[in-house]
Structure formats: structure tokens, C-alpha cells
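S.K.: My structure is below; once you've seen it, I'll send some questions.
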């Protein structure tokens, strides 16, 4: 019963947000300058998200192992925890930076400099910079490139995961069990 | 003080089956030497634990494991009966029944007894124990050091137990006299504690009562002077259950008593195991002249069923996780070794790996030690195709509580003692891995919390 109520309230909330967006859209169309500003702001947020994704995938598996290793079998599995942490980080960043704007619009928290009317910029030619200073998708609004953004997050997490794994193996080989066994066997 | 258990026949073996479980679960703290004597096969569960104890050997003595002195198990199957054949064949060397007309064997055994096939034991015919001899036992099997406590366990209604209890006690006393050793000799004796399958034992239950009387009288009259100091008599009142010899021989997932059955009265073999522990550890030195006064009628169970069940659940699950979660493999890749697993377990692991590396000659070859160790853990715990492992020694239980990795850092793992290590026992990477696996499982079972 309670969950049904929550679901109804959530649906109403999302509908209101969408309607608010539509209402705002009907008010006035964004100018090219506004579109450029919002696009740059979104790109900047995404790049921060990408960095967070990579750094978190690199660092969190170690912290997860160190702090939770005694309590969780996943945290006590050096390779598995890199994969699990990487996937969770990608999922959260994807949700927070790529998916949520499409679901609830802009204008909140880290998207406060961007208005929901940014979506109206998608069909416009406003000189969008594109990803990585124009290397990818120049001329296309960044928010419209969500599949590429998703792949980039996955790629960043995979690369960071690989580095985390290499560091983990290096530390384990240098100071871990095999090294202790080597000393014992010497 | 040394403690020795002499288990006779199928009943003695079943008591040892439960007693070994209690030892492996850490509920019995002291070590002991067990001797099993039977005319039938040694049950598989005892063989599995015997193998585990062999794998645990670390020093020169068979009972010297890493960080603990472990029990030893010697098993003797009376070889004079191996291959089966009827009692007549064994006694006269002829299968021809007409020979009894002129053979003195007819004076001692009736036709039915002589026709009894001895392939699977003496079938509640203690008189047939004269067919067997104790020559098969090694010289030291029934000897015990001065001031040792020796407990003989067997059924008075069975053929092997009933027939061998008195001769074995006599042999123990003779060995003690020879060595000028003073023993505290005790016994757990089983009366009629099960209902035989109809037709399996000729003469059925009437024979049981007669066997009981025969054995008790022979002990009282022949051995009461210097013989049994104390004894406990297991003889349930009321209805008894049937036995399942085939299941017992496999020793796979045999059930435990219910938690409400504190002394295990509804499981006579469990009661026997409790009595065994009580008699082994009881320090009463009072001697009674009258044989009947030596019977222990009541005792507080040394290991209450509910406590044992609690420990069983913990131990089995911790040891199971060691295998299921591939702990030996995952530890190799762990950069936070001490934070996750504590310091003692990695030290112990590294000790065995180091031995393997040293014996293998080159570190590269020993690189497969972790996977070899994990394989051995699985083999010892779960068994191989068709062969049960240590897990099957214990009852089958549903998973009841969560085991986290920290359970392993709480175990007081033994410290390496390279100075006392018998190097001949660790000459191959595979044997080192097997001994390491046995040690890890043994400590996981005994110290799980």
C-alpha cells in the first residue's frame, strides 16, 4: 500500500517536472549564446563526472578492501572488488550526469547553472564545442551525445580498473603472500 | 596423562565415529589414541579421519601436528576372517557339513552357528570369537603407558564386541603387567540397544539377552580382581530403533540427536560417546570391591547436544567457506593481506608455500602451490567422485548463519615450527599442499567461532 503511494507520488513529481519543462519551453526559445553557455557547463560537469568515475574506480577498490574486507566476501576478493566497484561507480555517474537530466531536467544541484531549456538547443546549430575540445561530436549538443558519454564512462572505468588491478597485483607480489613465501623458502 | 580408547566391533566403531566428530569440532580438548578392532570392515568415516590425522603430521611422531598433539587411530580388521566363508570352513578347513559327524567342533557349536557366513562379522555369536585370534594386532596396539586411562567400548550383544571384550581386556592387563604399568581401565558397554532386522540374526533378540549375561559374567568372574575399574552400561529402556549397517559402514551424514535430547538417550551411540568422554576424563580414583558398585549410573554429559549442535553449525560453515570461497587462491592476490585475513593465517600459508618452494627447488614451480592447495582443500572437504570427504562425516545441515572473512582472522592459527618439522613428510609439492590443506581445515573446524 505504502509503496503504491510512493510510486504515485513519484510519477506525479516527474510529470510535474516534465510539464514545468514544457511550460518553460513554451515561454521562449533559448538563444545561441545561452545554448553555448549551457553546453559548456554540461560538458564541464560531464568531464568532472568522468574524472570522478576514473579516480573512484582506481581508489575505491583499495579502500573497499581495506575497510570492508573482513566483513564482505566481495571486498575480500581483490579482482572481483575492482569489477564491482567500477560497475557501481559507472552506474552512479551515469545516473547522476547522463540519465537524470533526461528524467527530471536541469536546474538542480550540480546542474544549477543549466536550464531545462537546454534540451531545446539540441536541434540548433550554436557552435557546440564537442567532447575533448572538439575531438568528438563537435557541433552537436553534448547532452544529445548520451550514448557516447556512456561509452566514455565505461571506458574510463575500465582503464582505471586496469590500472587498479596492475597496482593491486604489483603490491600483492611485492609485499603479499608470495613474497612472504619467498622469504620462508629462501 | 595418556588416554586410550579401544573400540570393538560395529558398535565401538560407531561410538568412535561420533567421538571423532566432537574432537574435530574442538569440543573434546585432549588427545587420545584410538584402536579399532573388528571382524567386519572399518567404517569409511573413521578411515577418512585417520587419513586426516596422517596428513596433519608435521614432526617426527605420528601425533605431532603443527601447534598441537593430535590423536592417532590404529585400525585392525581381523584378517583370519577376511574372504568370508562359514564358521565351519574356518574351523575345519572344509565346507562339507558331514565332517561335523566326526569332528570335535560339533561339541562346541551347533549346526546353525557353524553355517554362519563370517564375511561381515560374527552376527551376535560371541562364541565364534574363538575362531579369531588377536595375533593380528601389533605388539603395541593394546599397550598403554603407566597411569594411562584406557576405555574399552563395545557391545555385549554383538558377536565381535561380545566375544572380544573379555579377551581384549585380558590382553590389555597382560601388556600392562609386562610393562609394570598401572592403568585405569574403564568400559562403555552396550546392552540391547537396537532392534535387529527380522531374519538377519538367527535366534534374534533372545540371543542378545544371553550374550549380555555371558559377557558381564565373564568380566565379573574372570577380570574383576584387577580389571575394569568403572563402567557405563548403555541399555535404553523402552522401544529401540533398527540399525542400518550399510549406512553406518559408509559413515555419510549420520544424524545427530535432537537438541532437546540433552544426553542423547534417544541415540544410544551418542550416549555411548558421551559416556566415553566422561570415563576418559573422570579423575575419580575410588575403587570398589564389588563389581556392581563400579557401574556409573548417572553423569553430566560432558558435551551437551545443544552446545555441540551450535559448534557443529559454526565449524562446518567456516570450513565450507574456506573451500567454497577459494580463500587459498584469493589470498595470493590480496594487497591488504593482514587487514583482511589477520597476520597468523598468511604466516601459516606462507610457511607451507615456502616449504613447497624450497623442496620444489625453484620458486617458479611452486607458483602452482595456491591452486594445488585449493584443490586439496576441496578434495579433503568434499571428497572426490564417489568418495565422500570430511564434510560428509558430519550431519547434513541447512545453512544457518553467515560466515564473514573475519571468521578466519579470529582463529588462533598455529605458528610455524620449522625446527621440529620432519622434512621427509614434505618432499613433494603435492604432499606439502595436502598437509597444508589438512592443517587449515583442522583448525577451521576446531576453532571456528
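The values are calculated or read from the model by the stated rules, or taken from the named source; none is laboratory data. Fair warning: this is a prediction, and the values are worked out from it, not measured in the lab. Cβ: placed from backbone, ideal geometry, glycine included. Neighbour counts: every protein chain shown.
S.K.: When segment B:322-340 is examined, which residues are found to be farther than 20 Å from residue B:366 by Cβ and within 8 Å of chain A (Cβ to nearest Cβ)?
M.R.: B:325, B:335, B:336, B:339, B:340
S.K.: Considering (1) at pLDDT below 95; (2) surrounded by fewer than 18 Cβ atoms within 10 Å (Cβ to Cβ), say which one residue B:379 fails and leave the rest.
M.R.: (1)
S.K.: In addition: Consider residue B:449 against the criteria (1) under 27 Å from the mean Cα position of the chain (by Cα); (2) in a helix (DSSP H, G or I): it satisfies all of them except one. Which criterion is unmet?
M.R.: The number of the failed condition is (2).
S.K.: Continuing with the same structure: Which pairs have Cβ atoms under 7 Å, sit 6 or more apart or on different chains, and link a residue in segment A:50-62 that is in a helix (DSSP H, G or I) to one that is surrounded by fewer than 19 Cβ atoms within 10 Å (Cβ to Cβ)?
M.R.: From residues that are in a helix (DSSP H, G or I), the pairs are A:54/A:159; A:58/A:163.
Conditions tested, residue by residue: (1) touching a helix residue (DSSP H, G or I) at 6+ places or on another chain (Cβ under 7 Å); (2) touching a residue at least 24 places away in the same chain (Cβ under 8 Å); (3) over 30 Å from residue B:259 (Cβ atoms).
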position: B:304; (1), (2), (3): no, yes, no
position: B:328; (1), (2), (3): yes, yes, yes
position: B:341; (1), (2), (3): yes, yes, yes
position: B:346; (1), (2), (3): yes, no, yes
position: B:355; (1), (2), (3): yes, yes, yes
position: B:382; (1), (2), (3): yes, yes, no
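S.K.: While we're here: Is it the case that residue B:69 is touching a residue at least 12 places away in the same chain (Cβ under 8 Å), surrounded by fewer than 24 Cβ atoms within 10 Å (Cβ to Cβ) and in contact with a strand residue (DSSP E or B) (Cβ under 8 Å, 6 or more places away or on another chain)?
M.R.: No, not satisfied.
S.K.: Hey, another quick one. Which of (1) modelled with pLDDT under 95; (2) facing chain A (nearest Cβ under 8 Å); (3) assigned to a loop (DSSP other than H, G, I, E, B) does residue B:396 not meet, given it meets every other one?
M.R.: (2)
A quick yes/no check of all residues on (1) modelled with pLDDT of 95 or more; (2) over 24 Å from residue B:313 (Cβ atoms); (3) surrounded by 21 or more Cβ atoms within 10 Å (Cβ to Cβ):
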| site | (1), (2), (3) |
| --- | --- |
| B:22 | yes, no, no |
| B:28 | yes, no, yes |
| B:34 | yes, yes, yes |
| B:37 | no, yes, yes |
| B:42 | no, yes, no |
| B:49 | yes, no, yes |
| B:52 | yes, no, yes |
| B:58 | yes, yes, yes |
| B:62 | no, yes, no |
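S.K.: In contact (Cβ under 8 Å) with a residue 40 or more places away in the chain, crowded, with 16+ Cβ neighbours inside 10 Å and under 24 Å from the mean Cα position of the chain (by Cα): which single residue out of B:323, B:316 fits that description?
M.R.: After applying the criteria, what remains is B:316.
S.K.: Test residue B:269 against the stated conditions and say whether it is out of contact with any strand residue (DSSP E or B) (no Cβ under 7 Å at 6 or more places or on another chain), touching a residue at least 60 places away in the same chain (Cβ under 8 Å) and in a loop (DSSP other than H, G, I, E, B).
M.R.: When the stated conditions are applied, residue B:269 does not pass them.
S.K.: Looking at segment A:63-84, which of the residues that are facing another protein chain (nearest Cβ under 7 Å) and in contact (Cβ under 8 Å) with a residue 40 or more places away in the chain is farthest from residue B:402 (Cα to Cα)?
M.R.: In this case the residue turns out to be A:79.
Matching residues to (1) more than 25 Å from residue B:71 (Cα to Cα); (2) within 28 Å of the chain's Cα centre (by Cα):
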residue	(1), (2)
B:350	yes, no
B:377	no, yes
B:380	no, yes
B:387	no, yes
B:391	no, yes
B:399	yes, yes
B:406	yes, no
B:426	no, yes
B:440	no, yes
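S.K.: In addition: Please find, among B:435, B:406, the residue that is out of contact with any strand residue (DSSP E or B) (no Cβ under 8 Å at 6 or more places or on another chain) and either surrounded by fewer than 19 Cβ atoms within 10 Å (Cβ to Cβ) or touching a residue at least 24 places away in the same chain (Cβ under 8 Å) (or both).
M.R.: B:406
S.K.: Pick from B:421, B:358, B:415: which is over 31 Å from the mean Cα position of the chain (by Cα), within 14 Å of chain A (Cβ to nearest Cβ) and surrounded by fewer than 23 Cβ atoms within 10 Å (Cβ to Cβ)?
M.R.: B:358
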